[in-house]
Structures are given as structure tokens and as C-alpha cells.
Amino acid sequence: MFGLFKKKTLSLMAPMSGEIIDISKVPDAVFSQKMVGDGFAINPSNGLVMAPCSGTIAQVFPTNHAFGIVTDDGFEVLVHIGIDTVELSGEGFTRVLEPGTKVQAGDTIIQVDLDVLRNHDKSTITPVVITTPDKVKSMDVNLGLGNKEAAIITLN
């Protein structure tokens, strides 16, 4: 009975090492204007891309530039590695885990060579977007460097 009024929260970790930035700073209007959903972004310092939460890999795009995770509660998170990186047709991206794989927060899903992105004049800024906004009551993002816990989501 006492747990009846307890808030249900989900912690999202930064899927890459680097600086956590506000989603409005992403150099692509689809993300910065939250057309896909709200979230945050990473200005990465290395190319290991990890699960931001525990769940199941729902999808990895054929070019390996983005993936989606669904938690056991049906909460969906999209990680989009870089901007306009679909144009690279997979160059510089290596898939580590396949769709359908259960993951824990911190498991490596994709490895990306950030120099390949830079050499093709692609931004390495990586949006992390909640694609089930109806499940979100509020979100607190921890901006800055070194924040493993990037966001706390209060669920409906």
C-alpha cells in the first residue's frame, strides 16, 4: 500500500563517453525541434556505443548508424549515431549485437570510427531520443562531461 504513490523512474546512461548536450543543440532540425521525440545528445569522445538502458534491441538500422531499445515496460529509446550518417552506407560502423538481443545498460551495441565520420564532414553529435513520449511524465537531463547518468525519466 505504501508503494502505491511511489514514482516510477527510468535512468538513462550516456551511450557514449563525452559531453552530454541539450537536444536543441543538435545540428539537425528533426532532432533539435523534437520532431522524433525529446531526449539529449552526446558529443562523443570515443566510438563505443552502448545501451543507454536495459531492455531488448528492437532494431538496428541496416547501415548500423542507429538502433532502438525497448525496456520491459515498453519504453522506447532511439540512439542515432551522428548526423546524416545514413549517407555513409555503413562505412565506419560495426554492429556488435543483433536485434532481439537482451541487453543491460552499458553493453556495447555498435562500434563507430569517429574519424570516418569527420573525414566525410559528418557531425558526430549523437541524439538519444525517447520515442514513446506518452510514457514520460518528466525528464531531467544532466548536461556536461562525465555524466554516466544522463537522464532520469519519471514515467506515467
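The values are calculated or read from the model by the stated rules, or taken from the named source; none is laboratory data. Keep in mind it's a predicted model, so treat the numbers as computed, not measured. All Cβ positions, glycine included, derive from the backbone under ideal geometry; neighbour counts span all protein chains shown.
Values for this structure:
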{"item": "Residue match in region 75-82 (condition: at pLDDT 95 or above and more than 17 Å from V30 (Cβ to Cβ))", "result": "no"}
{"item": "Subset of region 87-131 (residues that are on the phi > 0 side of the Ramachandran plot and out of contact with any Leu (no Cβ under 8 Å at 6 or more places or on another chain))", "result": "S89, G90, G100, G106, D121"}
{"item": "Flag for I83 being of a type in the set (V, I, T), in contact (Cβ under 8 Å) with a residue 40 or more places away in the chain and in a strand (DSSP E or B)", "result": "no"}
{"item": "From the options D84, D38, D72, residue that is on the phi > 0 side of the Ramachandran plot and acidic (D, E)", "result": "D84"}
{"item": "Residue list for region 91-114, filter: of a type in the set (D, E, K, R) and either over 17 Å from S17 (Cβ atoms) or without any contact (Cβ under 8 Å) to a residue 60 or more places away in the chain (or both)", "result": "E91, R95, E98, K102, D107"}
{"item": "Criterion (in contact with a Ser or Thr (Cβ under 9 Å, 6 or more places away or on another chain) and more than 22 Å from T132 (Cα to Cα)) met by exactly one of L48, L78, L10", "result": "L48"}
{"item": "Residue in region 115-123 that is touching a residue at least 60 places away in the same chain (Cβ under 8 Å) and either outside any strand (DSSP E or B) or small (G, A, S) (or both) present", "result": "yes"}
{"item": "Filtered residues of region 85-130 (kept if of a type in the set (S, T, Y), under 16 Å from the mean Cα position of the chain (by Cα) and surrounded by fewer than 17 Cβ atoms within 10 Å (Cβ to Cβ))", "result": "T108, S123"}
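Let's see how each residue does on (1) buried (at least 21 other Cβ atoms within 10 Å of the Cβ); (2) closer than 17 Å to M139 by Cα; (3) hydrophobic (A, V, I, L, M, F, W, C); (4) in contact with a strand residue (DSSP E or B) (Cβ under 8 Å, 6 or more places away or on another chain):
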site	(1), (2), (3), (4)
M13	no, yes, yes, yes
S17	no, no, no, yes
S32	no, yes, no, no
M50	no, no, yes, yes
N64	yes, no, no, yes
F75	no, yes, yes, yes
